[in-house]
Amino acid sequence: MDIRELREKAMHLPLEPGVYIMKNVKNEIIYIGKAKALKNRVSQYFGSDKNHPEKVRRMVMNVDHFDYIICKSEFEALVLECSLIKQHKPKYNILLKDDKGYSYIRISNDKWRRISFEMQQKDDGAQYLGPYMSAWYARNAVDEAIKIFRLPSCGKVFPRDIGKGRPCLNYYIKQCSAPCSGKLSLKDYNESVESAISFLKSGDADCIRLMTERMNEAAENLDFELAARLRDRINAVKKITEKQNVVEANVKEQDAIAVIIEGTEACFAVIRFKNGRLYDKEDFIIRDAGENPDLPSMRSEFIQQYYSMRDNIPPIVSLDGEAEDEDLLCSWLSERRGKSVRLSHPQKGENMRIIEMSRENAAESLAQSHGHLGHELTALDELAKLLGLSKPPKYIESYDISHHAGSDNVAGMIVYKDGRPYKKSYRRFQIKGFTGQDDYGSMNEVLTRRFEEYFKNPDSGDGFGQLPDLILLDGGKGQVSAVRPVLEKFGLNIPLFGMVKDNHHRTRAITDEGHEIAISSKRRAFTLVSGIQDEVHRFAIGYHRKKHSKRSFATSLTDIEGIGSTRAKALMLRFKTIERIKTAEIEELMQVKGITRPAAESVYNYYHSEEKNN
């Protein structure tokens, strides 16, 4: 069917709740959705596509026909939708790969036992603790036990490698007892291993209680060395526990879900709390989220998919934004849990902090998949929200003007790509349209020339061949007002803001032509914008100084008869300063490569005749 036939069929659907099933020409199911009123929802797909996200437009282009199932209620439609998606895994629905399996903690059966994290239990004679549903929890527990009880994490084999070489850095930062040094007995080593196993089996509180009893017993028996070791371990366990308890006070049992978008990809992160402790963390990368995805719809679809795979549903699910059909989702989650479940959108306090933690984990996971750093994506996400952008700005251009009392007018253009400097796209400008001091006129000229270059070879690559997602000018409302007409002239809809400094030349706010936006409360965005402002200032003033020094250079040495730029450079390399050249004798000047007697006499006479005239 073509789009008109599909719309005609959709207009004959009933105004009742149900599930619709989109299929392609091969009769394959490519999308499953629910609707409160089938006619209204399905017909929207085959009308105007102006408001459709890119992913929806691509799905509609592949629809050949569709089926539908009428339900008694929208809730029944949601339950059926979740079941059918799980069964058919349609291409255009969000599909989460559930790779959560059991994991284990392994204790080897050597004399010098080692503790490690394993995804599978093997028949190798070792002792295994588990299984654990959360690989994140098991891996972190092993890391903590190794640090607390100062066990080796290197690849050395004992006793083979004892006494061979010096201990590694972990010994000197007190994270390993260095059995490789030969100074630790097997008995003491295995005593540490037993304490670590006790910690892994019984948890923090019981481990501290048992070690405290042993410490007191050792002190009574005058074994002060053992008592001191146990004291240090107790302190180490308490320190780790304090780090884990940072958000315990008001977070008892709930999940925190956040999403980060980069280009056409998205990453959802889920942080899970139970009994006041963070017990699991999961990340899901969606490679084909499309341009400008509908986030409320994505959150809703993710929640359906995620809790279709998980039985342990908490009483509270905190989100970093609105989800579609929240009341319906709460009813569905409550039925699956057997108790009430609510969705929340924290704005402050501990719960907001765990949402930020979840967002940072999502950013880190997505960044690592591309070889980037998570804090860079988090900063871009913060900046986008702060400025009201539809998506994080991957490609940012920034401009600054530099001059000396109206002379040597220059400008610098820098680029930040994916939150970091992209120096191959930096550009320099000499102001040509006028002389004298006019920062607004200079900024207008620079942006005009920049976009003229773009339209000569549009979308041709880095530098002038690519349009930015955001423009930041070093300056306030005046600079923004000077550049806005340039964007309008070229028909460009690029977000444009100025970066305002305080009296101490530190970044204070971002401004458009209307009002200022304080950024100090958004730590990562503030760091990013401050870095951009410092970098563009450094680049512009560096070019200005270079140009100014060349001009000064040209009006002194190169004004002398017989001295060109090559001889001028040779003289400066030898004497370093103009003052030393002025005081040099003719014979000294002739020692410079390329300086003949006539040239040396010209230099000498130039400066000495200048002295006489003075």
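Just so you know, all these numbers are worked out from the coordinates, no wet-lab data involved. Treat the numbers as computed from the prediction; the structure is a model and nothing was measured. Neighbour counts run over all protein chains shown; Cβ positions are idealised from the backbone, glycine included.
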Checklist entry - Exactly which GluC sites (Glu not before Pro) in segment 315-373 are in a DSSP loop and have at most 13 other Cβ atoms within 10 Å? => result E322
Checklist entry - Amide H to amide H under 5 Å from V341: which residues, 5+ apart in sequence or cross-chain, H placed 1.01 Å off N in plane? => result S334
Checklist entry - Residue by residue, what Karplus-based ³J(HN,Hα) values in Hz, rounded to whole numbers, does segment 180-185 have, using 6.51, -1.76 and 1.60 with θ = phi - 60° and x for Gly and Pro? => result 5, 6, x, 9, 10, 6
Checklist entry - Residue separation times 0.36 nm, minus the C-alpha to C-alpha distance between D327 and S565: what's the value? => result 78.0 nm
Checklist entry - What list of ³J(HN,Hα) couplings, whole Hz, do you get for segment 595-600 from phi and the Karplus terms 6.51, -1.76, 1.60, once you set θ to phi - 60° and write x for glycine and proline? => result 9, 7, 4, x, 5, 5
Item to check | Amide hydrogen neighbours beyond the local backbone of H65, cut-off 5 Å, H modeled | outcome: K23
Checklist entry - What is the extension gain from N40 to S108, computed as 0.36 nm multiplied by their sequence separation minus the C-alpha to C-alpha distance, in nm to one decimal? => result 18.2 nm
Checklist entry - Of K55/K89; K34/K348; K274/K385; K391/K417, which pairs sit farther than 25 Å apart, going by alpha carbon to alpha carbon? => result K34/K348; K274/K385
Checklist entry - Taking Cα atoms, how many degrees apart are the long axis of helix 439-456 and the longest axis of the chain, rounded to 10 and kept between 0 and 90? => result 70
Checklist entry - Mind checking the dipole of the chain: about its Cα centre, +1 per Lys or Arg Cβ, -1 per Asp or Glu Cβ, Debye to the nearest 20? => result 1380
Checklist entry - Can you give me the relative contact order of segment 395-536 as a percent, contacts being Cα pairs under 8 Å and 6 or more apart? => result 21
Item to check | Those lysines that a straight Cα-Cα span of less than 24 Å connects to K183, excepting residues fewer than 8 apart in one chain | outcome: K111, K147, K156, K164, K174
Checklist outcome for this item: Going from the fewest other Cβ atoms within 10 Å to the most, one would list M413, M22 as M413, M22
Checklist entry - What is segment 1-135's relative contact order, in percent, from Cα pairs under 8 angstrom and six or more apart in sequence? => result 23
Next on the checklist: Given R₀ = 56 Å, what would the calculated FRET efficiency be for K394 paired with E220, taking r from the Cβ atoms and rounding to 0.05?
Outcome noted: 0.30
Item to check | chymotrypsin sites (Phe, Trp or Tyr not before Pro) within segment 374-476: DSSP coil, no more than 14 neighbouring Cβ in 10 Å | outcome: F434
Next on the checklist: Taking the beta-carbon count within 10 Å as an exposure proxy, list R420, R506 from fewest neighbours to most.
Outcome noted: R506, R420
Next on the checklist: If I take every Cα pair under 8 Å that is 6 or more residues apart in segment 302-351, average their sequence separation and divide by the length, what percent do I get for the relative contact order?
Outcome noted: 43
Checklist entry - By count of other Cβ within 10 Å, fewest leading, how are T558, T507 ordered? => result T558, T507
Checklist entry - Based solely on its DSSP helices, what 222 nm [θ] is calculated for the chain when runs of n ≥ 4 H residues each add -39,500 (n - 2.57) and the sum is averaged over all residues, nearest 500 deg cm²/dmol? => result -14500 deg cm²/dmol
Item to check | Whole-Hz ³J(HN,Hα) from phi, Karplus 6.51 cos²θ - 1.76 cosθ + 1.60, for segment 313-324, glycine and proline x | outcome: 9, x, x, 10, 10, 8, 10, 8, x, 5, 10, 6
